[in-house]
Structure formats: structure tokens, C-alpha cells
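Trainee: Please read through the structure below; I'll follow up with questions.
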Amino acid sequence: MTSSMSRGGRLWHLDWLRAGAMLLGIPYHAGLIYTPGLGWFVASPEGSNLIAAVTGLLGSMRMGLFFWIAGLLTAIVLARRAPWRWLLGRLRRLGVPLITATLLLCPVVMAANAYRKARDEGASIGSVWLDLLSQPGPHWVGHLWFLQTLLVFSLLAVLLRRPIGRVSERMAQMAAARGGVDLRVVLFVAAVIGVWRLGVNGGWHLVSTQLAPYPTLSMIKVEPMLDYAPFFLVGMAMRDIPVPRLARDLAAWLILAAAAVVFVAVWREPDLAHKIARYGAGGMLGVLGGAMILSLASALVSRRTPAIDALVAASFTLYLLHYPIVVWVGTLLQTVALPPLFEYALCIGAALAGSLLLHRAISASPTALLLMNGTASGAHRPHSLPAHTRPQA
């Protein structure tokens, strides 16, 4: 697999990176509030181009890396577990929190939206809130789209495990013959995924116009499923392939820096030319950036610590719980005129502290853990390599 295995073949770095990608959802969602011209449903009148740049870069890399790692870990687990029994476990692990969070957290987000509309339009908070609650639509999904996507990808993984396994073995043989996966291969994959995502964006824009009269269908987030499927499938195919060693490749760093500059300049622009540049640069950031992060983490992370283990164990519920806090804090701060960087930091701090406190309360109850985390135990069980996979030196 990769040269970075810690003793006993534990994949500490993958667990940590996956948790980190989820926790970075806090500054990402807070940043959407302070990104000028974005038009998120919570938008501060005081924006910041610096926050916009950070938010754009987080959005270009975070979830791609998350699904890449999810695909890789899924392939490793399926190599040693009964696939359909594993899928039933995933239905509980993901489906129960999806239902719980939809019923408990989405109304809290809608209440913030109702408060904002009542404040700005002079309407009744209760009537606006009840109106939102009674209508199907994307406001019943929000940040929970990733749970829908993981459920679909889990089924996809079980159905495609054998052909992807054969592809993985063949790719591993080719990589071994070439002395590993080089930068050219990574850039090719990045370009293909960039073109795919541009096509998904354009195609879904046309399809979604036909679905406007059917708000219930908008509660199934098909676009991100199509958008991130290549990352998940590439992750599954990488089960037997060493992570490209790019951390010391100057050309890789220069290409990554150029892609970041282009992406930051164009990611908020709606016209076609800028979208082409956005998805081209985003493909490089998602794939090349993800490969470099994996390479660095595999070299640097070789052991576990209790503090990081606790954060990894809490990351799932923190991701679920932070969103309504970010939305409410951002909504309340719309009425004050503090510096945007200060408000941004305040929003992040409140969301992290609040979700940590709520996680601690939830962890005291096996029932609450089952409902919000899909498991009756808060313990973190790290992943390890299947027996047939040998780390490379």
C-alpha cells in the first residue's frame, strides 16, 4: 500500500486526514457567510476576500480528499469482511444519523432562516418557520448531503468491488513496473476528473431546471454523488497502489500553486469561461493536492495520541452539530458591524466549542450516540491493512 504504515500496519494518517476533512467543514461553512458575491443563504454584509480565498481553497480540496480516503478505506475493509453484512452495518452507521439529524437539526437551521426573514421582512417568525417545515425541498438536506452520498457509495462499492479489485491489481502491477505512480499519471487523473466535474455541473444545471416543480426530488442530492464519485472510485482502486511521492517534487508544488492562484481568481465567477478554468484548476487542487497531502501525512504520521484519537472519534458528530451553530451565529452577527475576520473567528470558535460540548453530552448516552453517531460506542477503532497487502519501504 504505502510506505507510511506505522507499526502493525495501522493507517493512522488516513483516519486523521478523514477526520480533519470533516472538521474543516467548520471554517468552510463559516467562510461561506463572509465570501463576497457568493449569495449563500446566510450572507454577512461585511465580506472579506481573504476569507473568500481560504473558503474557495477548502472547498476545492476538502471533500475530494474525504471521499478519496473513504474509497480507499472501504476497499481495505471489503477485502476482509462479508460485503453485504458490512453494507447492513453502513446502513445503520449512516442511515440512523441521517434520519435523526434531518428531524432534529434541519428544523433548527430553518428556525434561523425564519428569524432572518422575519427580521428583514417584518413577518412572523412562527409562520415563516412553519411554512418552511411544511414544504419539501433542499432546506431539509443542507450539510447532510454527504451522508446520502456515502450511503449510495457504500452500495456502489459492494456492487463494483470485484471489477475495481481487478483494476487495482492491474494498476499495481503497472505502477511496480514503472517504479511507482509519477506526476504525469496524477496530472492525467486530475484533468479527467476536472472535465467530468465540469460536465456534471453543466448537465445537472440543465436537469435541475426540469425538476423545479418537484421539490421533493431536490431533497436527493444527485449532483454531489456524481461530482465526487470519481474520487471514491479512485480511492478504491488505490488499495494496492503506493501513494505517489510528490512532497519533494518541485514541479508538483509549482503546478499546485498555479492551480490555487487560478482557482481563487475564478471560483466565484458564473460565466462559462471562468467555470472551465475553475474546474480545471479544481481538478488539479483536488487530485494533485490530495495526493500531496496523503504523501506528506503518510511520511509524518506514524503513531497515535489520545488527544487526536478523541478528536477523530468526535469528528462525525462534530460535523453534524456544527452546521446549525454556524448558521445561527452568522445570522445573529448580521446585525452588528464587527470586522469580518473577527466575526469569522468568532463563528468558528462558537461552532467548535458548542459542538464539542454537545458531543460530550451525547457521548454519555448510548442511545444518543446510536441516534447521532450510528454506534453505541464512542471509541475509535483505527483501520489496518488486509493481510495480503505489504507496506513498501
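Trainee: For helix 340-363, what angle does its Cα long axis make with the longest principal axis of the chain, in degrees from 0 to 90 and rounded to 10?
Mentor: The two axes meet at around 70 degrees.
Trainee: For the chain, what's the radius of gyration and Dmax over Cα atoms, in angstrom?
Mentor: Cα only, the chain: 21.2, 69 Å (Rg, Dmax).
Trainee: Would you work out which of LEU296, TRP253, TYR34 lies farthest towards the positive end of the dipole of the chain, given +1 charges on the beta-carbon of Lys and Arg and -1 on that of Asp and Glu, about the Cα centre?
Mentor: Most positive-ward Cα: LEU296.
Trainee: If you fit an axis through the alpha-carbon atoms of helix 49-78 and take the longest principal axis of the Cα set of the chain, what angle between them do you get, 0 to 90°, nearest 10?
Mentor: 50
Trainee: Take the solvent-accessible surface of the protein heavy atoms, probe 1.4 Å, and return the percent of it on the chain that carbon and sulfur atoms account for. Write out the running numbers ahead of the final one.
Mentor: Details: 12350 of 18440 Å².
Roughly 67 percent of what the probe reaches on the chain is carbon or sulfur.
Trainee: For the chain, with every protein chain kept in place, what is the accessible area per residue (1.4 Å probe, Å²)? Write out the running numbers ahead of the final one.
Mentor: Working: 18440 Å² over 393 residues.
That works out to 47 Å² per residue.
Trainee: Loop only by DSSP, 14 or fewer other Cβ within 10 Å of the Cβ. Give me the trypsin sites (Lys or Arg not before Pro) in the stretch 228-283 that pass, ordered by residue number. Could you put the intermediate results ahead of the total?
Mentor: Values: sites: ARG239, ARG245, ARG248, ARG268, LYS275, ARG278; in loops: ARG239, ARG245, ARG248, ARG268.
Loop-located and lightly packed - ARG248.
Trainee: Once you sort the root eigenvalues of the Cα gyration tensor of the stretch 57-213 as a ≥ b ≥ c, which label holds: rounded (a/c under 1.5), prolate (a/b larger than b/c) or oblate (the other case)?
Mentor: On the way: a/c = 2.92, a/b = 1.87, b/c = 1.56.
The shape class here is prolate.
Trainee: Here's another thing I want to ask about it. Any idea what the dipole of the chain comes to, in debye rounded to 20, about its Cα centre with Lys/Arg Cβ at +1 and Asp/Glu Cβ at -1? Mind dumping the intermediate values first?
Mentor: Details: 32 positive and 15 negative charges, 346 e Å.
About 1660 debye.
Trainee: Roughly how big is the stretch 75-173's charge dipole about its Cα centre, with Cβ charges of +1 (Lys, Arg) and -1 (Asp, Glu), in debye to the nearest 20?
Mentor: On the way: 13 positive and 4 negative charges, 173 e Å.
Once rounded to the nearest 20, the dipole reads 840 debye.
Trainee: Here's something else I'd like to know. Against the longest principal axis of the chain, how steep is helix 250-266, in degrees 0 to 90 to the nearest 10, with axes from Cα atoms?
Mentor: 20
Trainee: Which one of VAL128, VAL207, TYR228 is farthest out on the positive end of the charge dipole of the chain, using unit charges on Cβ (Lys, Arg +1; Asp, Glu -1) and the Cα centre as origin?
Mentor: Value: TYR228.
The values are calculated or read from the model by the stated rules, or taken from the named source; none is laboratory data. Predicted model only: the values in this text are computed from it and were never measured. Glycine also receives a Cβ, built like all others from the backbone with ideal geometry; neighbour counts cover every protein chain displayed. Only protein heavy atoms, including side chains, enter the accessible area calculation; ligands, DNA and RNA are left aside. Shrake-Rupley method; radii C 1.70, N 1.55, O 1.52, S 1.80 Å.
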